[in-house]
Amino acid sequence: MRILVIGSGGREHTLVWKLKQSREVEALFCAPGNAGIGSLATCVPIESTDIAALVQFAEAEAIDLTVVGPEIPLLAGIVDRFQEKGLSIFGPTEAAARLEGSKRFAKEIMQKYGIPTGKFRSFSDYRKALHYVNEVGAPIVIKADGLAAGKGVTVAQTLTEAEAALEMMMKEKAFGKAGHEVVIEEYLEGEEVSLMALVDGTHVVPLEPAQDHKPAFDGDQGPNTGGMGAYSPVPHLSHTIVDQAMTQILQPIAHALQQEGIHYRGILYAGLMITSTGPKVIEFNVRFGDPEAQVVLPRLQTELAPLLQAVSEGKLSEQALTWRKESALCVVMAAKGYPSSYAKGIQIKGNLEMSKQEMVFHAGTKKNETGLVSDGGRVLGITAFGRDIAQAKRNAYARLEQIQFAGAHYRTDIGDKATIVVERGVDR
Ligand code: AMP
Ligand code: GLY
């Protein structure tokens, strides 16, 4: 197989690294890629949003399968454009990608098919939205309908915060068109978990669960980021909850989409809140999570290329996937200032070797005349294995100590939620 991966982050480095291990893979390209990806695949200087150029490249290079990493090209209809040309591609169509692209669409379909999620209302009128917020009271969650680079969600603990969020989105138009409409949602309490599944239209095969760490600083403080670290499995999440999430959420949503005439093919990512009354959907994403991919894919023993191909052809069987038993934990090293503004081009030094136990996934890097430099907010993701989360954590941080760049910031408490619960002996 000749494979093209689209994207340039840690998720795409992980996809390329894992695909490279498939016997079927004869040639591997990545557009645009990064420095880490460049040592495993041929990087092609085409942006992930330049769909016409990507189609042309896939045709010229006789690509057998294109794997899309990020959501933006999916929402722009890359899958539809490839399919029109008879090119095989892994990911949902533009219509199906609305599950991530429009929070209102996602909420309405969940409501229609009885899929557990927080109560909500959507508004395009500021005064009506304000009235509703005052009626319900705080805590309450305000979400811009469209994509807002991970910044479109305000979890308001007070009415003042909620009003400020409405004003910012609807009056000041801080997110442009994405905030023209807002979804106002019930505040859910519980533990968050990311559950991803392969979906080929009809079959739904779950991956192992992971937990992300979205806030920038230790103790879940500070602004939301794309994700500062992850681990898998999630030991304090019982099998019953995962089974419940499958039968009440992932299978029904795949079925619901089919009923709506949408054949979902690709990865379906459910961001779940495990509440006292069971799992509820916080959001759907239509691609692998980042950094969840950096812990889930290394744990996957099944070869990835045939699996993704089967999904794209609608031929996924309900075969069980096989997993490494050990735990994997990933710590993101970010540039100073991230998730606000940050500098690029900072020199990176240290031990960046990949092994079976430790991987350094590049999230935002490039090579220039001075060597390896940063090229993004999230710069590296250090993943390590261990017999449990605590051991994986020690290994990941020990490895992180061997890597340096000026101003690097990272959380020091990735995985603590799992280890603290286990130490307390809480059994849910
Ligand atoms: P999202 O961008 O939708 O993933 O939301 C960002 C974060 O806001 C989530 O990871 C949650 O921590 C939080 N959040 C979103 N929706 C809710 C909700 N209904 N209740 C409580 N927290 C939420
Ligand atoms: N880590 C969360 C996401 O990929 O959306």
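Laboratory data are not the source of any read-out in this text; all were calculated from the coordinates shown. What you see is a predicted model; the values in this text were computed from it and never measured. For neighbour counting, all protein chains shown are included, and Cβ atoms are generated from backbone atoms with ideal geometry for every residue, glycine included.
Gain on full extension, evaluated as 0.36 nm per residue between GLU313 and THR158 minus their Cα-Cα distance, stands at 51.0 nm.
Springs join every pair of Cα atoms under 10 Å in this Gaussian network model of the chain, and among CYS330, CYS30, CYS43 the largest mean-square fluctuation is at CYS43.
Extending 7 Å from the Cα toward the beta-carbon at both ASN351 and GLN111 defines two label points whose distance is 5.4 nm. Alpha carbon centre of the stretch 355-379 versus the stretch 228-291: separation in Å? With the stretch 355-379 and the stretch 228-291 each reduced to a Cα centre, they are spaced 30 Å. Cα convex hull, the stretch 49-194: 127 Å³ per residue, rounded to a whole number. Taking 7 Å steps out from each Cα toward its Cβ at GLN258 and GLU84 produces label points 2.8 nm apart. Here the 3J(HN,Hα) profile of the stretch 278-285, calculated from phi with Karplus coefficients 6.51, -1.76 and 1.60 at θ = phi - 60°, is x, x, 10, 7, 8, 7, 10, 10 Hz, Gly and Pro shown as x. At the listed q of 0.13, 0.14 Å⁻¹, the Debye profile of the stretch 287-428, built from one uniform point per Cα, gives log10 I(q)/I(0) equal to -0.67, -0.76.
One chain, two ends: HIS409 and GLN56. Fully extended at 0.36 nm per residue, the span grows by 123.1 nm beyond their Cα-Cα distance. Whole-Hz Karplus values for the stretch 137-148 come out as x, 9, x, 8, 10, 10, 10, 5, 4, x, 6, 9 Hz, taken residue by residue from phi with 6.51 cos²θ - 1.76 cosθ + 1.60 and θ = phi - 60°; glycine and proline positions read x. Compared with the direct C-alpha span, the chain from ALA76 to GLU135 gains 17.5 nm at full extension, assuming 0.36 nm per residue. Within the listed set GLN221, GLN294, GLN244, the Gaussian network model of the chain (springs between alpha-carbon atoms below 10 Å) gives the highest mean-square fluctuation for GLN221. Rounded to the nearest 500, the 222 nm mean residue ellipticity of the chain from helices alone is -8000 deg cm²/dmol, with -39,500 (n - 2.57) taken per DSSP H run of at least 4 residues.
Close amide H pairs (under 5 Å, H built 1.01 Å from N) link ASP388 with SER327, residues at least 5 positions away or on another chain.
Using the Cα gyration tensor of the stretch 171-230, with a ≥ b ≥ c the square roots of its eigenvalues, what is the shape: rounded (a/c below 1.5), prolate (a/b larger than b/c) or oblate (neither)? It is oblate, given that a/c is not under 1.5 and a/b is not larger than b/c. Under 5 Å between amide hydrogens, built in the peptide plane, is the criterion, and for MET228 it picks out HIS213, LYS214 among residues at least 5 positions away or on other chains. Remark: for residue pairs LYS107/LYS128; LYS20/LYS280; LYS103/LYS128; LYS151/LYS315; LYS214/LYS417; LYS143/LYS336, the C-alpha separation exceeds 25 Å in LYS20/LYS280; LYS151/LYS315; LYS143/LYS336.
Computed as a quarter of the hull surface, the mean projected area of the alpha carbon convex hull for the chain stands at 19.7 nm².
Here the Karplus curve 6.51 cos²θ - 1.76 cosθ + 1.60, taken at θ = phi - 60°, turns the phi angles of the stretch 25-33 into couplings of 7, 9, 9, 10, 10, 9, 10, x, x Hz, with x standing for Gly and Pro.
Between TRP323 and LYS367, the simple spin-label model (points 7 angstrom out along Cα→Cβ) gives 3.6 nm. Kirkwood analysis of the stretch 345-428, using all unique Cα-Cα pairs, places the hydrodynamic radius at 14.1 Å. Scaled to the globular estimate 2.2 N^0.38 Å, the Cα spread of the stretch 1-64, given as radius of gyration, is 1.01.
A prolate overall shape is assigned to the stretch 118-212, the ratio a/c of its alpha-carbon gyration tensor axes (a ≥ b ≥ c) being 1.5 or greater and a/b exceeding b/c. Across the stretch 132-276, Cα-Cα distances exceeding 21 Å account for 55% of all pairs.
Between ARG127, ARG265, ARG411, the GNM of the chain built on Cα springs shorter than 10 angstrom shows ARG127 fluctuating the most. All other residues whose Cβ lies under 13 angstrom from that of ILE37 are scored, Lys and Arg at +1 and Asp and Glu at -1, for a net of +3.
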